[in-house]
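Q: Quick one: the structure is below, questions incoming.
The values are calculated or read from the model by the stated rules, or taken from the named source; none is laboratory data. Source: prediction; values computed, not measured. All Cβ positions, glycine included, derive from the backbone under ideal geometry; neighbour counts span all protein chains shown. The protein model used for the area step is the full one, side chains on, heavy atoms only, and it has no ligands, DNA or RNA in it. Shrake-Rupley method; radii C 1.70, N 1.55, O 1.52, S 1.80 Å.
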Amino acid sequence: MFLRDYWYAAAWSEDLKDQPIAYTLLNEPVVVYRRGDGRPAALEDRCAHRRAPLSKGRVVGENLVCGYHGVAYDCKGTGVHVPGQAQVPPGLRVRGYPTVERHGCIWLWMGDQEKADESKIPDLHWADSPGWGAKGRLHMRAHYQLLNDNLCDLSHLGYVHASNVGNTALAEHGQVETQTEGNVVRTSRWTLDRPAPNTYVGAGGFKKNIDRWQISEFLPPSFFLLNFGATEAGPGRAGPTHPDRFAFQVCQWSTPETEGSTHWFWAIAHDFGQNRDLSMALPFYETMYKVVQEDFSIIEAQQRTIDRDPNAPITKIEADNGVMEARRVGVRLLNEEGRGRDSAARKLARH
Amino acid sequence: MFLRDYWYAAAWSEDLKDQPIAYTLLNEPVVVYRRGDGRPAALEDRCAHRRAPLSKGRVVGENLVCGYHGVAYDCKGTGVHVPGQAQVPPGLRVRGYPTVERHGCIWLWMGDQEKADESKIPDLHWADSPGWGAKGRLHMRAHYQLLNDNLCDLSHLGYVHASNVGNTALAEHGQVETQTEGNVVRTSRWTLDRPAPNTYVGAGGFKKNIDRWQISEFLPPSFFLLNFGATEAGPGRAGPTHPDRFAFQVCQWSTPETEGSTHWFWAIAHDFGQNRDLSMALPFYETMYKVVQEDFSIIEAQQRTIDRDPNAPITKIEADNGVMEARRVGVRLLNEEGRGRDSAARKLARH
Amino acid sequence: MFLRDYWYAAAWSEDLKDQPIAYTLLNEPVVVYRRGDGRPAALEDRCAHRRAPLSKGRVVGENLVCGYHGVAYDCKGTGVHVPGQAQVPPGLRVRGYPTVERHGCIWLWMGDQEKADESKIPDLHWADSPGWGAKGRLHMRAHYQLLNDNLCDLSHLGYVHASNVGNTALAEHGQVETQTEGNVVRTSRWTLDRPAPNTYVGAGGFKKNIDRWQISEFLPPSFFLLNFGATEAGPGRAGPTHPDRFAFQVCQWSTPETEGSTHWFWAIAHDFGQNRDLSMALPFYETMYKVVQEDFSIIEAQQRTIDRDPNAPITKIEADNGVMEARRVGVRLLNEEGRGRDSAARKLARH
């Protein structure tokens, strides 16, 4: 069960060229393609004639033409031509998905089409700004909720990323606060006057103890704005605006493929402050690829263990507060969507 | 559910040498082998002793000897020796399949043994004639019915094979007729005075419009005789006997492995007419390997899409007429086989 | 369903170094590791916090620390530290397995912890004696019972190992006796005054007929002591103590991974007698690797055939006597374990 009335990312803009691409999004087979004029579109990836995947077809002008017997569909999914027939059979159509290209990403609306509202696309303006230094996409064999959990509890940096961006000080001495505003859950973790982990020594140049922040902002269903940084110990919680900060912005967002797999997108920009040497940027970004891979590896391993015995109990610890709060918001929104559908069904039933 | 009282191909003759080969045919494990004198035989591939596969055994004279504990079976599947025992335990037997080698192929009768009748082996005399130019075997992860469908509706050449033997004229301007005689369904498609596709330009040497025929003859459960060809526009439906025709004969037949996979055999011969340069035969046959691979690819993709949602609806179009007629014949024969079995069972029950 | 109140091998000692290793044993995920002082320990491989596998963690002194959020466990599975928390939440624990290193192997007790008794570890003193010449471990996709069956009926040497240690004389002319003492089933097979198989000619140097013995001693659930050997024909059943014997000792033991897969351990030592040239020992041991591989191959093939139709009937032959007797003992012990658990449950229910 997934939240549906949201925009979900299907592809980086530059990966969608002139060939249609098949994705599974929220358990549904989807073909994403560019029309003749370059505008993106997305349809159910299953011809209504004999169920060949439309992703094996070809774009002809405005239409996508099935690669098996030539049935053509417009960008809404309406069948517009059947070879050798004067008329298209009534009802020949596949599902179309509202599709928008923004911030270097192709976004699909997976829910009720009337509710598609472009203003709800997450603000990811950093991702196509010149300052962005690294980005990527992974296909992860794990439920997207496990990635959300990972990003709500950043104490894991002390263990998963112990060789680079983390050390145990984060988990042992972090001061953590969780705030919810509407659907946004912000978890802030402050670690004051503690030693710097390797990456902060190397890329940040810290030789003494640091004041460090990790601020994770979660927007359902799966979008995260993460702000990380540090100053030499002293400014405390004023670090994020301190001119000598070492800081960077990470965005992570994901699209469920199935209950057991996820399309995971991420991008990162530096915000290193004014007085810093930028020659360390490239090795820093290389570290970020490794960090993402470390998360990928532990989350897939966690999913495999869950799959072995989905009912094995879990024990809550204090670090889970942000995770629990974000899960509560998700469950509330799922219930609201469910009530909305029930209500729409009742309304239809009265007519 | 498969038609059983038919001959099914298991192997090309030249592929069955002195080692037994394991196949799954109609969901059953079968070992096919040559006896000491070279005659083929086929048994259930599961020793009646402790269920090791007999395909790991050895041929000793007339018998197949299990490779685990040495139990020996004759070519009917009767246990004839148990090592260290004077007598074979009663009931020690495995199923035997009537087996015939003909037309360069090993054929197995998969149904009631008393009904095995060699005269029902499809006439495939072309396949071991000198004129045959290319043949092959594929293992396809799709139900064999999807291959039947493919071969009953040759409009797909305009899309699946658009770069070689097909163009959209076939689908947009074909004149199609379907005739059923007994169990044979013949679908004829005529495309008159239309441009030639690439292969007909290259191998057939056509520079102007052509009159083209595609005649597909289906013999249940899965045997197809396909006659293809063209003349320069003019003779119309007299093309197949015109001396300046460019024509060829394709045979395709398949054996279900499981509900989701198929052994697919094909062979092709030219019938290029008397006045033609035969130097194009080899590149023409090379094209045929590509054509088969294109069908293979779209059919496997179609099966994957069907498997995702087996109940997704389909919409009939006019090109489906031959497909529907062949499916009707198949369903009728399945019902007849079922009634035959019920009747035999009732007869037994009365005794 | 497996026998649980037994010691099962998880690893050869030399394979367990300073990194934890994940195994599945009797369907349970287990992490095996060495504590700081080198002593082995084993826990359920699933953190009680959020179910990451502990095998991705790190050993810190006496404890295993989860690699995701840093929860630490002692060697009994009791949670002893949660980062950033003064107190460990009550009930934070995973299952611990009594673990012993003996005879070069790491043994885990998979049943009720109170019943763990080191004296029940099979006597495998040969396995870490200098005389041992070869040993190995295989991961086999088959139920461990099929390996037990293989080792209870050594007539299979005449077919599975026909090119090396076996010939048909073993199966056709063996004199076989099966004796059960308590839970131990001993199957002896004598083949007197018959030709020697290849390995006995090559490594044993026999040029004439031999008197040969194969003595298989089965200790549930899955431990085998196998004594093999021969003399030149003459001494008959006095061969095992004859000074000119060619003989060797094989141990085989296995641990079920799942119902369909098995961890298989084996070791072999020579007992070639006093007057023999030992230069053939190395090629002889090389043959033994091949012999194990031949068993592996036929057993996996047998399992695949069983999986296709688990209810296909089997037919008993005389060579199965030892197999049947060992299976009877196994079933009796399973029933006894089941009654023990029921009785313990009733006792608990009365309180």
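Q: Hey, does the stretch C:80-90 have a residue that's outside any strand (DSSP E or B) and within 29 Å of the chain's Cα centre (by Cα)?
A: Within the stretch C:80-90 (the criterion being outside any strand (DSSP E or B) and within 29 Å of the chain's Cα centre (by Cα)), the answer is no, since none of the residues qualifies.
Q: Within the stretch A:88-98, which residues are open to solvent by 20 Å² or more (accessible area, probe 1.4 Å) and more than 10 Å from chain B (Cβ to nearest Cβ)?
A: A:Arg95, A:Pro98
Q: Within the stretch A:299-317, track down each residue that is more than 7 Å from every other protein chain (Cβ to nearest Cβ), more than 12 Å from A:Arg141 (Cβ to Cβ) and buried (at least 17 other Cβ atoms within 10 Å of the Cβ).
A: If the condition is that a residue be more than 7 Å from every other protein chain (Cβ to nearest Cβ), more than 12 Å from A:Arg141 (Cβ to Cβ) and buried (at least 17 other Cβ atoms within 10 Å of the Cβ), then no residue fits.
Q: Assuming A:Asp211 fulfils every condition listed in (1) modelled with pLDDT under 95; (2) crowded, with 22+ Cβ neighbours inside 10 Å; (3) closer than 17 Å to A:Arg189 by Cα; (4) of a type outside the set (Phe, Trp, Tyr) apart from one, which condition is it?
A: Just one mismatch for A:Asp211, condition (1).
Q: If you scan the stretch A:214-244, which residues turn out to be buried (at least 23 other Cβ atoms within 10 Å of the Cβ) and farther than 24 Å from A:Gly182 by Cα?
A: If the condition is that a residue be buried (at least 23 other Cβ atoms within 10 Å of the Cβ) and farther than 24 Å from A:Gly182 by Cα, then A:Gly229, A:Ala230, A:Thr231, A:Gly239 are the ones that fit.
Q: Pairs needed: first member in the stretch A:274-298, buried (at least 19 other Cβ atoms within 10 Å of the Cβ) and modelled with pLDDT under 90; second member anywhere, of a type outside the set (Asp, Glu) and part of a helix (DSSP H, G or I); C-beta distance under 9 Å; at least 6 residues apart or different chains.
A: Matching pairs, first to second residue: A:Phe284/A:Thr199; A:Phe284/A:Gly202.
Q: If you don't mind, there's one more thing I want to ask. Determine which single condition A:Phe224 fails, assuming it passes every other condition in (1) modelled with pLDDT under 95; (2) under 25 Å from the mean Cα position of the chain (by Cα).
A: Just one mismatch for A:Phe224, condition (1).
Q: Do you know which of the residues in the stretch A:62-78 that are buried (at least 23 other Cβ atoms within 10 Å of the Cβ) and at the interface with chain B (Cβ under 8 Å from one of its Cβ atoms) is farthest from B:Asp295 (Cα to Cα)?
A: So, considering only residues that are buried (at least 23 other Cβ atoms within 10 Å of the Cβ) and at the interface with chain B (Cβ under 8 Å from one of its Cβ atoms), the one farthest from B:Asp295 (Cα to Cα) is A:Val71.
Q: How many residues does the stretch B:163-198 hold that are of a type in the set (D, E, K, R), exposed (fewer than 15 other Cβ atoms within 10 Å of the Cβ) and within 14 Å of chain A (Cβ to nearest Cβ)?
A: Total satisfying the criteria: 1.
Q: So, restricting to strands (runs of 3 or more DSSP E) that lie completely within the stretch C:99-154, which ones have at least 1 residues that are more than 14 Å from chain B (Cβ to nearest Cβ) and surrounded by fewer than 22 Cβ atoms within 10 Å (Cβ to Cβ)?
A: Output list reads C:99-102, C:132-140.
Q: Would you say C:Asp295 is closer than 21 Å to C:Ala326 by Cβ, in a helix (DSSP H, G or I) and under 27 Å from the mean Cα position of the chain (by Cα)?
A: yes
Q: Is there a residue in the stretch B:125-134 that is closer than 24 Å to C:Arg308 by Cβ and either among the acidic types (Asp, Glu) or out of contact with any Phe, Trp or Tyr (no Cβ under 8 Å at 6 or more places or on another chain) (or both)?
A: No, the conditions are met nowhere in the stretch B:125-134.
Q: I've got another one for you. Please find, within the stretch A:199-208, the residue that is farthest from A:Ala247 (Cα to Cα) out of those that are touching a helix residue (DSSP H, G or I) at 6+ places or on another chain (Cβ under 9 Å) and open to solvent by 50 Å² or more (accessible area, probe 1.4 Å).
A: A:Lys207
Q: I need the strands (runs of 3 or more DSSP E) fully contained in the stretch A:2-61, keeping only those with at least 1 residues that are open to solvent by 40 Å² or more (accessible area, probe 1.4 Å) and of a type in the set (A, V, I, L, M, F, W, C).
A: The strands (runs of 3 or more DSSP E) meeting that bar are A:21-25, A:58-60.
Q: C:Gln85 passes all but one of (1) surrounded by fewer than 16 Cβ atoms within 10 Å (Cβ to Cβ); (2) in contact (Cβ under 8 Å) with a residue 12 or more places away in the chain; which number fails?
A: All conditions pass for C:Gln85, except number (2).
Q: When residues of the stretch A:35-60 are filtered for being more than 10 Å from chain B (Cβ to nearest Cβ) and closer than 24 Å to A:Pro256 by Cβ, how many remain?
A: 4
Q: Here are the criteria: (1) in a loop (DSSP other than H, G, I, E, B); (2) in contact with a Cys (Cβ under 7 Å, 6 or more places away or on another chain); (3) not β-branched (Val, Ile, Thr). Tell me which single one C:Phe218 does not satisfy.
A: With respect to (1) in a loop (DSSP other than H, G, I, E, B); (2) in contact with a Cys (Cβ under 7 Å, 6 or more places away or on another chain); (3) not β-branched (Val, Ile, Thr), C:Phe218 is out only on (1).
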